[in-house]
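Each remark here refers to the structure printed beneath this line.
Any read-out appearing in this document is the output of simple, stated calculations on the displayed coordinates, not a laboratory observation. Note that the structure is predicted; figures quoted are calculated from it, not measured. Glycine also receives a Cβ, built like all others from the backbone with ideal geometry; neighbour counts cover every protein chain displayed.
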Amino acid sequence: MNDTMIPLRVLTLIFTGPVNPAVLVLEPIEELKDGCSRVLPIWVGASEAMQLGVAIEHAKTPRPMTHDLFLDALTNLDACVDHVLIDDAKGGTYFAKLILRQRGRLISLDARPTDALSLALREDAPFMATAEVLAKASFPYLFREPKDRTVELAEFDSFVSALTPDDFA
């Protein structure tokens, strides 16, 4: 088993509707050795997406949410989130380890990736996936080159300046 850990970041969180699943899209922080850009989509339910959204935005709620309560308990036990490792994928299901640090010792807990990531994002802790998970569950993607805004604005200006009142009839 390849246990190389690839650091990740959140590319985006896409909400598709209140009853439909959402997708958290992760990407490697650095380009992979093969030069291919990849994304790791994780389909999540609406409540998990809300928790992730709060964590991504570092939003504060008037009352502590479950993840905030857990982090408060960790702090009071002199522990913190060290990192998260997405270490397996079977079908559309991912598996993760939440790694806690307490007084120099590391504690590994099985966790749902969404819970572990919600905690890591709140604590600005790193999260990663094994190279094996990226190899079997990620997808290649391409960025389109952004349009030159000056050309686009010049074309719009030309269009607007050529308009006449008859164009609106």
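Overview of results
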{"quantity": "Distance between modelled label sites at F159 and K60, nm, 7 Å Cα→Cβ extension", "calculated": "4.4 nm"}
{"quantity": "Convex hull volume per residue for the chain, taking Cα atoms only, in Å³", "calculated": "202 Å³"}
{"quantity": "Kirkwood-based Rg to Rh ratio, the range 98-140, C-alpha trace", "calculated": "1.04"}
{"quantity": "Cubic angstrom per residue, convex hull over Cα atoms of the range 8-89", "calculated": "132 Å³"}
{"quantity": "Residue-averaged [θ]222 nm for the chain, counting only DSSP H segments that reach four residues, each worth -39500 (n - 2.57)", "calculated": "-9500 deg cm²/dmol"}
{"quantity": "5 Å-binned pair-distance histogram of the range 66-111 (Cα, whole percent)", "calculated": "5, 21, 23, 24, 13, 9, 4, 1"}
{"quantity": "Residue among M65, M128, M50 with the largest mean-square fluctuation in a Gaussian network model of the chain, springs linking Cα atoms under 10 Å", "calculated": "M65"}
{"quantity": "Environment charge of C80, counting only residues whose C-beta is closer than 9 Å and scoring Lys/Arg +1, Asp/Glu -1", "calculated": "-2"}
{"quantity": "The chain: most fluctuating residue of S108, S118, S158 per GNM, C-alpha cutoff 10 Å", "calculated": "S158"}
